[in-house]
Every structure is written in C-alpha cells, then in structure tokens.
Amino acid sequence: MSADRSSLVPALQTIAARLRIESVRATSEAGSGHPSSCCSAADIVATLFFAEMRFDPRNPQHDDNDRFVLSKGHAAPLLYAAWAEAGFLTRDELRSLRKLGCDLEGHPTPRLPFVDVATGSLGQGICAAIGIALNARRLGSDYRTYVLLGDGESAEGSVWEAAQAGEKFELDNLCAVTDVNGFGQSRPTQWGHDMDAYARRWRAFGWHALVVDGHDHGALLDALAEARRTAGRPTVILARTLKGRGVTLMEGRDGWHGKAIPGGAELDRALAELEGQLVDGAASPPIPPPPVRRSAPPPAGPALPEPSYELGTQVATREAYGTALAALGAADPRVVALDADVANSTFSGKFEREHGDRFYETHIAEQVMAGAAAGLASRGAIPFPSTFACFLTRASDFIRMAGIGGRKANIKFAGSHAGVSIGEDGPSQMALEDLAMMRAVPGCAVLYPCDAVSCERLVAAAAAHQGMVYLRTSRPKTEVIYANAERFDIGGSKVLHESADDVATVVAAGVTVFEARKAYRQLRQEGIRIGVIDAYSVQPIDAATLVRAGLRTGRRLITVEDHYATGGLGDAASEAVAAHDIAVLRLAVRDVPRSGKPHELLERYGISAAHIVAAARRYAGSRPAAPVT
C-alpha cells in the first residue's frame, strides 16, 4: 500500500464510523428509520464521497459535479450524514430527521439541493441514473454518475430495464454499487450472499461486474479506480456487506430492517462501540473539485416556427406532435426525446431523424424511459418521453415519484393512441385511465389538443412550462379547425359556439370536440342551441370560463370524453363548478370496450354526437323552437 493509501484508508474508516454514529443517533432521536441499512453501506458511501467523487461541497447543484443517486432511499440518514461530513449540513440539522417541516425526510426528496430525484420506491434510482449519465453527454461534461442500490431492490424488474439501457448506451460514465447485505425487509434476500449469482446476472446484461468486500476500503478504492478505467460499458460493484455493520446488536441479524435503536442503555452501548472504531489522528482527505467542462453546450437555435396548416385539412395530433417536437429540438438544445419502440406511431421519430444525438431509444421498457427522463430533467434537460398512452400506466409509480420533485420534475410526457377512438386494436391498447392518472400527480399540467394547430402550440407551451406536463394525442386524423395564429395557454380553453339561447354547454376535449361540433350543427337544425367549449387544458382547467358558461345556460354543463368516467374531464369540470351549483352531465366510457371501427365505438360507448344530441334534447324539454335556417 502506498503512503497515500496508508493514510487514506484510516481516514475513510473514521469517516465511515462517523457516518454510522450520525445515522444511529438521528434515527434513534426520530424513533424510526433504517439504521441497519445505513450501517451496511457506510464504508461504500465514505469511499465514494471522500476518495472518489469530484464535487463542490458548497454547491451541490454545480453542473459538473459527479452525481450520486441513493436508489436504496431508505438509507437516507446515511446520505444526510455524508453531506454533513462534507460541510454542507450541520450535525445539529441531522437531529431533525423525519420531523415535520424539516427537509431531511424519511426518504430523499429534491427539496434538498444535493438530491436530484426522489427515491424510496425501489428500483427507480438506477433508472434516473441512466438519464443523469446521458445528460453528461448532452452537456459535454466529464462528470460521472454513481448510484447505490440494495440487494433486495435488485429483484425489481426496472433494475434490469436500466441494466439493459446502460449497456445499450455504453455508459462508461456510470457506476452502480450494490450493497449486498443479505437481508430484505421481512427475510433474507433471494440470493443472500451468493455474490456469483449477482455477478452472473449483471455480466449477462453486458456490465463490467466486480465483487468486493464492501467493508474493505482498499478493495473499494481499487474497484472504483477500475470502473473509471473501463471504457464502452458501465460498471457495477457488488459489495458484500453485513447489515447493521459495526453495532453488535444489529450486525448480520435479521429483524432489524426499519427499526431504530431505542434510547437509553442500548443506544449508549451502540454509540460507544462505534466511537471505538474511530482512528486517532486520521485526517479527512480533501474532496477533488468538479471536472473541467470539455466543451460549451450548443447555443439556442432559431425561434420556433409558426404552425402551417390549412383549415379543413385532416391531420392527426400525434403527427403534429412529432412535427412540433422536431422543431422544438432545433430551437432549444435542452430538449431531448425518449421512446419505447413506438417512434413511428407517436411520430417522435421526426425528432430522431433531425436530432439523433438527443434521442434515446429504451425499446419496450417504459419504466426506464420514465426514470431516465426524470434523471435528465433533474440536470437541466427538457425531456419528452413518448409512448402509447396506455403503456404509460406501466410507469405510473415512476411518474408518481417524479411528481414529488414538483417544478424540478420538468418532464413532458406524451401519450398517443388514447381512448376508444383508436378503433380495432381493442381495449388493451386503449388508454382510458391516463387522464385520471396524470391529474392525480400534484402540479402536473394535463393537455388534450383536438387539432394540429392546438397540438403544436401546446407542445411549445409544455416545453416553456416549468414542471411536469402530460400531452394526450390521438390516433385518427382530425380536422384543422384553428387558424395558425391562434394561441393556446396552459389553463385556457376555447369557446367554439355560444348564444343567448343555449340550453346547455358541451365541454369536450380531443376527439370529442368534433362530436360536439356535429351535435351543435344537428341541434341547430332542430332549433336547439348549445354552447361548445374545447377544454384542451384538462388540468389546470379553465374554471372561470366553465362557470360563466354554466351560469349562462341554466346551470347545465355536458362533458363528453374518450376516457372512463372516473378522474377525467368530467371530474375536472365538476370540481371546477361545484361551488356554483352547476349540474354536470358526464358522457364517458363506462364499460370495458371492444374492438370496432372508431365511429362505432364512439356510438356504442355513449360519447358520439348522437348521445350529445339526446342529452341536449332532454334539457331543451318541450320548449317550442323554430328551425334555424
């Protein structure tokens, strides 16, 4: 061992002991937490933070800092202790762990400047790390990304989606470390301490896999150095550890997951034991500064062009989405696109053809697509992940977790092929829950354009919006009804028809806008007037316009949507007008649909023009009316 190594290892041993001490103290004071999971990984984190990673401890958000993702988020006290050791937090702040109003929460969230993505729902951190590593390429930065996983977490399928993506993208700037402590929450993990079982799986996915003693700082240093030297593929370090390491009460024992050591004699003995592991005279090594940027990011391109469609032409909104996305990529180098093997259907392939270096194909792996998008967004990119809307539900947990990041979760999800209007493919391909899912994410804007012009405008609005956006596009071609100069704002709507004689107002979005317009024309011939609103912004919905319309038309609204009745446009409208005693008749899909022609399905499931007409006639009652010529 060199002189440097001979002084470094005792320093790391001391730092690891302090990390354990602070983790045990903080969880005991909180009365809850996961000290045993912190103790098993303390040597790994000490080595990473204080001998391997290059970062500015005073500026966790520095663009070129090496990044660290705690995928096993329940070990959050260990992460907080590391940042206290680095000087960013005080040790007194650690005592506020898990207390209301304190940002040191039970699992890490991006409220903290050193946390890029929320973790704690296992299997997600490594997916985000894929995106963070890809972002280094976008920036032309040499920062490296490190992610710490648990062995129990390795049963998650999303871990292997990420493994597949890491190999495909040849992410040699990514290093995963698995804390193989042998225990999950309720029992030993699937492979326990069979290190070969882990290594075989990672090598099968094309990763450079190294097996080490996770409590041997010298072995960890050697493995990290080898990872840094490895070119063309990512590295995983499989670190054999003991859960509860350093505390006899917990070390290597089952039944300690998620349990704090009670205060009093047991805590005193544990802390005394850990304090005895401090090495006298060991000095903390300096933290290397961030790497120097190799190149400047590309400048912004030309302004986004105006839409260029002729009124009355037939264009699918999914196609307009692809056109707008490609144009947006030329205008803003922060924009990236991700796909799950449907780029020829979502039309995100247009972006790929023009900006292939910022297009990331994850294949049929929607979880890693969503997770990587979260990682990219956390580092300043503006990601547009696209797939069929129904398949985004597979990534619902990733979307939920990204939503914890609030405005930092600057992801623009696009879901195509929504609703029964897709036709013959049948119910497995029909997204009928997606609006409900995305409306449930706090702060997520939900947009549903009906024509090409509104779609292009809303793609641009989504990119400019700081925070998560969901854009729902449609498979069938629809008529261009808006002039190219028309503007669309998030939170707005368009009043297409209104008169003083309206018996009700129909609120529609997407494909049902055209059903509402058909109904308007038919009813007009019968002498019955209805108002029609295109509620293209489902969330936030234009409450003021809906209330005015409802009050103007006898406190009656009719919503019509290509979505199940729960959680979609009807619920959004009802919430908006409830305080004004406005009745909302909701036309929605209320049964599991079947295959069929789009027009047949709209009719069968109650959301066609004929059903809108029938609803309006009931409101019109027996009031005499003269036909309109």
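Values as computed for the structure displayed
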read-out	value
Ala610-Ala483 FRET efficiency (beta carbon distance; Förster radius 51 Å; 0.05 resolution)	0.95
Considering only the chain, percent of DSSP beta bridges that pair antiparallel, nearest 5	15
Interchain or long-range residues, amide H under 5 Å from His497's placed H	Val532
Shape of region 146-251, Cα gyration tensor, a/c cut at 1.5	oblate
Positive-end residue, the chain charge dipole about Cα centroid, Cβ charges, pick of Gly258, Leu271, Leu432	Leu432
Counted charge near Glu251, where neighbours are those whose Cβ lies closer than 10 Å (Asp, Glu -1; Lys, Arg +1)	+2
Relative contact order computed over region 321-477 (Cα-Cα under 8 Å; 6+ residues apart), in percent	23
Which of Tyr198, Phe514, Ala176, positive extreme of dipole for the chain (C-beta unit charges)	Phe514
Hydrodynamic radius of region 309-452 per Kirkwood, over alpha carbon pairs, in Å	15.4
Phi to ³J(HN,Hα) by Karplus 6.51 cos²θ - 1.76 cosθ + 1.60 over region 101-110, Hz, x for Gly, Pro	x, 9, 6, 7, 7, x, 9, x, 10, x
Whole-Å distance, taken between Cα centres, linking region 238-254 and region 548-593	56
Region 363-404: relative contact order as a whole-number percent, Cα under 8 Å and 6+ apart	49
Part-to-part distance (alpha-carbon centres) for region 89-123 and region 492-542, which is given in Å	47
Ala440/Glu275 FRET efficiency (R0 35 Å; Cβ-Cβ; nearest 0.05)	0.15
Charge dipole (debye, nearest 20) of region 53-128; +1 at Cβ of Lys and Arg, -1 at Cβ of Asp and Glu	280
Cα-only radius of gyration and Dmax that characterise region 1-148, units Å	15.1, 47
MRE, 222 nm, helices only [DSSP H, n ≥ 4, -39500 (n - 2.57), over the chain, to nearest 500]	-11500 deg cm²/dmol
Point-charge dipole on Cβ atoms (K/R +1, D/E -1) for the chain, about Cα centre, debye to 20	1260
Under 14 Å, Cβ to Cβ, from Leu601 - net charge with Lys/Arg +1 and Asp/Glu -1	-3
Nonlocal amide H pairs with Leu238, under 5 Å, H built at 1.01 Å	Thr178, Leu210, Val211, Val212
Using θ = phi - 60° and Karplus 6.51 cos²θ - 1.76 cosθ + 1.60, couplings along region 585-592 (whole Hz; Gly, Pro as x)	8, 9, 9, 8, 6, 10, 9, 5
Region 118-164: C-alpha gyration tensor shape, a/c 1.5 cut-off, then a/b vs b/c	prolate
Centroid-to-centroid separation of region 33-78 and region 381-418 [C-alpha atoms, Å]	27
Sequence-distant residues sharing a close amide H with His563 (under 5 Å, placed H)	Val589
Greater than 22 Å apart at Cα, pairs in Lys168/Lys408; Lys408/Lys494; Lys494/Lys518; Lys350/Lys412; Lys477/Lys597; Lys477/Lys518	Lys168/Lys408; Lys408/Lys494
Accessible surface of Val292 - all protein chains present, 1.4 Å probe, nearest 10 Å²	120
Whole-number Å³ per residue for the convex hull built on Cα positions in the chain	157
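The values are calculated or read from the model by the stated rules, or taken from the named source; none is laboratory data. All values derive from a computational prediction rather than experimental measurement. Reconstructed Cβ throughout: ideal geometry from the backbone, glycine too, with neighbour counts over all protein chains shown. To get the accessible areas, we keep the full protein, side chains included, count just its heavy atoms, and leave off ligands, DNA and RNA. Shrake-Rupley method; radii C 1.70, N 1.55, O 1.52, S 1.80 Å.
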